[in-house]
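The structure appears right after this line, and notes come after that.
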Amino acid sequence: MRVRLENILKQYDELEQVTLTGYKGRPALDHVSLDIHDGETMSIVGPSGCGKSTMLKIVAGLEMPQAGKLFYNDFDMTNIKPQDRGIGMVFQDYALYPVMKGKGNLAYYFQMHQKSEAEMEARVRQTAELMGVDFELLLGRLPDTLSGGEKQRVAIARCIVRDPLVFLMDEPIVNLDAKRRERTRIEIKKLLKKFGITTIYVTHDQQEAIFMGDRITVMRDGVIEQVGTFDELYYSP
Ligand code: ADP
Ligand code: ADP
């Protein structure tokens, strides 16, 4: 799925705006256009407050822009409800349902959609296998008893069972310790390649952006400064 932002303007209410940048009244996204190709991972990198999360929320439909349009392929998604966008999201804080075991976290979606237990079981097993996670170990435990990396794997699995069209990740490994971060980012990258799903990967860490992204978007103060592959951004004359 190709994802295209066209001239997106997002301005939060000035009174509510947290002044991360010390400069109130600046739009979070100031007429931003970006074309993300089918199947690619696009990293979005930039300092805190530059508009990365806002961009994800616009793509997810969790925030509405004041101007501009969003397209998935040739479909205008600007006014489509979040639950009808076919997106999967992974956040830094995992957002697993705390009173459900891993499997319950995955099963919830199937219960909501009145799918059969057998269908759910098959799809969850298939997902665990694809991800190379231990189905019983990982899915039979409450989120509190899982390590950060394991939680993140359940969170990713929960997205993948939904078979999303677009994958949105907001600093998914920022809360892991350095060693797990390294391992988890390798795992995530492998998974994304395996699924070939269009992904937007937000991070404040330049090295991580370079590692994860087929291309990298560099943002500052609500605008895009640069877009390109690693070679284009760092080795072009
Ligand atoms: P980043 O993800 O790069 O840290 P954000 O997209 O969260 O940046 O924020 C961009 C700008 O919008 C910042 O100035 C921030 O304070 C502001 N902002 C973000 N979310 C809200 C909100 N819900 N209400 C008001 N202002 C917000
Ligand atoms: P539905 O898909 O019918 O909305 P859910 O109850 O599973 O059913 O989801 C409730 C809301 O939370 C929806 O807006 C859904 O899109 C969103 N949601 C839940 N989990 C995820 C996830 N992992 N990624 C993206 N959105 C999610």
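The values are calculated or read from the model by the stated rules, or taken from the named source; none is laboratory data. Because the structure is predicted, anything quoted here is derived from the model rather than measured. So basically every Cβ, Gly included, is an ideal-geometry build from the backbone, and we count neighbours across all protein chains shown. Accessible surface is based on the protein model in full, side chains and every heavy atom, while ligands, DNA and RNA are left aside. Shrake-Rupley method; radii C 1.70, N 1.55, O 1.52, S 1.80 Å.
Quick look at the values:
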{"read-out": "For the range 140-220: rounded, prolate or oblate by the Cα gyration tensor [a/c cutoff 1.5]", "value": "oblate"}
{"read-out": "Low-density loop cleavage sites - trypsin sites (Lys or Arg not before Pro) in the range 52-90, where at most 15 other Cβ are within 10 Å (DSSP)", "value": "none"}
{"read-out": "Accessible area (Å², 1.4 Å probe, nearest 10) - Glu119", "value": "90"}
{"read-out": "With DNA, RNA and ligands ignored, accessible area of Glu150 (1.4 Å probe; Å², nearest 10)", "value": "40"}
{"read-out": "Sequence of Phe71, Phe167 from largest to smallest accessible area, 1.4 Å probe", "value": "Phe71, Phe167"}
{"read-out": "Nearest-10 value in Å² for the accessible area of Leu34, using the 1.4 Å probe", "value": "10"}
